[in-house]
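Here the structure comes first, spelled out in structure tokens, and everything after it is commentary.
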Ligand SMILES: *Cc1c(COP(=O)(O)O)cnc(C)c1O
């Protein structure tokens, strides 16, 4: 018998064990960051970012107890959604850019969409949600670093978008905007990232009061800067690298 065939089950078990350990460590680290920030750990949801790994490896993370998975590319999200065994309280998170031609197939999996960055996308999601008989939850992505390579709306464009929603609420009846999302700049130190996260929290406060629109969710913080994000008020942290062995991440 070829050795690969006899080896792979135990290799799989080792990988499952390693991922379960990483998940526990990340949960403990997030709990600790909440304690340090004087916040309730139940107020911060951990989104396991599975974009680095295949469906079989992603399944190990779900089996370890992760009920929220984030993917960058809509087509990978729906491919995994169609093959994985998902628990009852599971939720998908679309964290990367969405083209309008991907909306139909994406919405079938009821994701929380973190990356809404145009009025066109907003309207496309609401119309498709209406035709599928759903209500979709979404966050507006903000470019807080000011880098031109980053996705998301500049704060001024976000103000214009919220103003428009206030004038024409019927244009997005089936999309509930419940908060903001952002990424710190490329190679930003954790301290500088913390500064950017506080700016996002301030913008949230301003938009809430100017437009009278509740925005309870702040999706910010990744493996390198989730502590700073939690200190600044994150309600969702998006963690990928810390969950998977480096050799799987390519
Ligand atoms: C990849 C990615 C993450 C996870 O980043 P890590 O540093 O691997 O934890 C979070 N958010 C977005 C939008 C991503 O693309």
field: Within the chain, percent of DSSP bridges classed antiparallel, to nearest 5
entry: 0 percent
- request: Return the FRET efficiency for the residue pair residue 199, residue 28: r is the Cβ-Cβ distance, R0 is 30 Å, and the value is rounded to the nearest 0.05.
  value: 0.55
field: Projected area averaged over orientations for the chain, convex hull of C-alpha atoms, nm²
entry: 14.4 nm²
message: Run the helix sum for the chain: -39,500 (n - 2.57) per DSSP H stretch of 4+ residues, divided by residue count, reported at 222 nm to the nearest 500 deg cm²/dmol.
response: -15000 deg cm²/dmol
Cα-based Rg and Dmax for region 164-203, where Dmax is the largest Cα-Cα distance (Å): 14.9, 42
message: For Cα pairs less than 8 Å apart in space and 6+ apart in sequence, what is the mean separation divided by the residue count of the chain, i.e. the relative contact order in percent?
response: 20 percent
query: If each Cα of region 64-141 is one equal point scatterer, what is log10 of I(q)/I(0) from the Debye formula at q = 0.16 Å⁻¹?
result: -0.53
query: Relative contact order, percent, of region 144-234 when contacts are C-alpha pairs under 8 Å separated by at least 6 residues?
result: 33 percent
- request: In square nanometres and to one decimal, what's the mean projected area of the convex hull around the Cα atoms of region 191-248?
  value: 4.4 nm²
query: By what distance, in whole Å, do the Cα atoms of region 130-250 stretch along each of the three principal axes, largest value first?
result: 47, 33, 26
- line: Computed over region 1-125, the relative contact order (Cα-Cα under 8 Å, seq sep at least six) in percent reads 19 percent
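Coordinate-derived values only; no laboratory data. Note that the structure is a prediction, hence the values are computed from the model and not measured. Ideal geometry is used to build each Cβ from the backbone, glycine not excepted, and the neighbour counts take in all protein chains shown.
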